[in-house]
1. Treating the beta-carbon of each Lys and Arg as +1 and of each Asp and Glu as -1, no other charges, what is the dipole magnitude of the chain about its Cα centre, to the nearest 20 debye?
2. Please go through the residue pairs LYS48/LYS439; LYS100/LYS156; LYS48/LYS156; LYS351/LYS408; LYS444/LYS488 and name each one whose alpha carbons sit more than 24 Å apart in this structure.
3. Tally Lys and Arg at +1 and Asp and Glu at -1 over the other residues with C-beta under 11 Å from the C-beta of GLY310: what net charge comes out?
4. I need the trypsin sites (Lys or Arg not before Pro) found in the stretch 175-270, filtered to DSSP loop residues with at most 14 other beta carbons within 10 Å of theirs.
5. What's the center-to-center distance, using Cα atoms, between the stretch 333-385 and the stretch 216-289 in Å?
6. Once you have the Cα-Cα distance between GLN98 and TYR375, take 0.36 nm times their residue separation minus that, and quote the gain in nm to one decimal.
7. Could you point to the residue in ILE501, ILE365, ASN71 farthest towards the positive end of the chain's charge dipole, with +1 and -1 charges on the Cβ of Lys/Arg and Asp/Glu respectively?
8. For every helix of n ≥ 4 consecutive DSSP H residues, a contribution of -39,500 (n - 2.57) applies; sum these over the chain, divide by its total residues, and give [θ] at 222 nm rounded to the nearest 500 deg cm²/dmol.
Amino acid sequence: MSADYSHLCSAILEQCFGQVVQSVADCLFLANTRTLGQLISATKLSRKEVGLALAVLVKFRLVDFESSKLNPSLAEYALRREDIICLLRYPRYVHLIQTKYGNVGASIAEELINSGSDTASGILIKCLTEGENKAESPESYRNTFLTMITDHYIIKRPELLVSEDQDEVVPKFESNECDFFRHPNIDLQLLDKIRKGDATLAEAKDSTMVWNLNYDRFHQDFRDAIMVDAIERKMGENAAECFRFILKIMYNTTDPWQRKLSNQITFVEIKQAIERKSNNLDLMKYLDQYISLLTEDSLGFFRRVGDMGGGLYVVDMEHAFESLAFACVESVITERFGSKAARIFRVIRFKKYIEQEDLQKEAMIPSKEAKSLAYNLFQEQFIHVKIIKKPGGGSNGPAKAFYLFQVKEKDTVRMLLDASYKSLYNTIERSNFEKNEHKGLIEKSQRLDSIVETMKERGDSEEYIAEIVETFTPPECEILNKVKNRIKTLSKAELTLDDTIFLLQMYQHHCTTLPTGIRRFK
C-alpha cells in the first residue's frame, strides 16, 4: 500500500469515527498485525480508548483478529486496508438499494451502515421505531431483508464458537460459506413485543446471527454498470440491453470475480433468455447482428471462441478493463498535456517500443513539439525509456546505445491510481478546511433556517419573518453562497475521483496478478 493511500485512509477514518479511531488505525496500517499492548504503547492512548476504538473497527468489519501463534492467549489485530475506502461509497450503496428495493430497502441499508453490523431483529426494530418509513408493515421489512440476503447484498458474519476450553481467552469464529446467505428466523410477534417493551432482543431466535453489507456484491453491480454504459455510449441501448442479459447468464456458471475470462456461453442460451424476459422486439429480431456487433467491436468485451450451440462466446474481463482503463489514462493525458500528447501515448503503446525519430513520424507531429511532449510524459511517468546498448566495432570502440520509448501498462495505472488517492485526500482536506474556516457562518445560517421554519409553523406574519431573515447580512449571504458552491464542487470531485479509483482497481483485479482485496465472500 502506498503512502498516498495511507493518508487517504487516515482522513476517511478521522471523518467517520474521530481522532482516537484514526490513531489506532494508523498504527495498524504500519504493521501487518499488532497486539493490544503494542497499540497502547505506540498510540500513547489509554487501554480503554484503544479497546473502544478496536471494538468500533471490528464492528464495522475494518479489523480482523486471531490468537497469536507465539502466545495463544494474546489477540493479534490486522487492519483490512482495502475496505476503508468503501466508507466513502456508502451513499452509492444506499442509492443502489433504493433503486432495487425502494424506501424500505434503503432504510435497512442505512441502519446496517450506521450500525456496522447487527442481528436481523435488531436492524428491523431500529427501522420500525427510528426510521423514516414507520408506516410500513413489519412484514414488508422482513420480506425485503430476506430478499436482500437472497440477492447477496447482505451477508452473515462468521458465528462465535463456544469452546469447552475455559483457558481459551481469544474468541474464535466458524466461517461456513453455505451459511453466509441462510435466512434467519425472524419472529414478528416477538418484534412487536420488543417494540412495546414486553421483551428484549436477547430473546430473539436469531441473536447469534450477525449481518452486514456485502461490499463485493455492490461492486459487482458497479462494475457491470461501467461495462454496460460503455457499450450504450458506443453502440446504443439495444446492444447495452443485450450485454446486460449476457452478464446475467454468465453469473449462472461463472464466479463473479473470476479474473480473466468467463466460462463459455452459447448463442442459444442468450436467445432463450432474451425471448423469455425481454420485451424489446428490435433486439429479438436483430439479435444475431447485435451479437456480431459486440464481438467485432474494438473494446473486446465479448469474444467468439467456437461454433457449438449456434456459437460459443466468452466475456473477456481482462481486455474489457484494459480498454476502459487506458481510455481513462488517455483522457487524463489529454486534459493535462493536450490531444497531441495523447496521440504520442497511443502510438508508443501500439508500437510497444519506438525511437524518438520514428515517434515524430508516426504521430505526425513536428520534431521539436514531439520531443517536448514525450519529455513531459516521461517526466510524469506515463511513458518509460528502455536503453539497449550495442558494443562498438573495434576492441576499444564506444558502445552504441538505443533509447526506446515504451509504456509499462501496470506501472502507469499504479501511478495514476496513487495520483487519484492523493487528489481525493486533498479534496477531503480542502472540504474540511472550508467547513472549519466558515463554521460560525454555517451554524448561524442553520440556526436562522430553524428559527424561520418554527415561525412558519407558528403562523407568524411574513413581515416579522422577513425582519428575522434580514439579520443575515448581504455580505454574509454572499460569502456563504461561495462556500456552499466550493463545498458542492469538492463533493462532485470526490465522486468523480472515486469512480476513477474504482475503474483502476478493476483493472488491477482483472488484468494483473496483484492481490486486490476482492474475495468472493468478505
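1. Charge dipole, the chain, about its Cα centre: 2060 debye, nearest 20.
2. Over 24 Å apart, Cα to Cα: LYS48/LYS439; LYS48/LYS156.
3. Surrounding charge for GLY310 is -1.
4. ARG182, LYS205, ARG259, LYS260
5. Centre-to-centre distance over Cα atoms comes out at 37 Å.
6. 94.9 nm
7. Most positive-ward Cα: ILE365.
8. Taken over the chain, the calculation gives -20000 deg cm²/dmol.
None of the figures in this text is laboratory data; all of them are computed from the coordinates on show. These numbers come from a predicted model, not from an experiment. For neighbour counting, all protein chains shown are included, and Cβ atoms are generated from backbone atoms with ideal geometry for every residue, glycine included.
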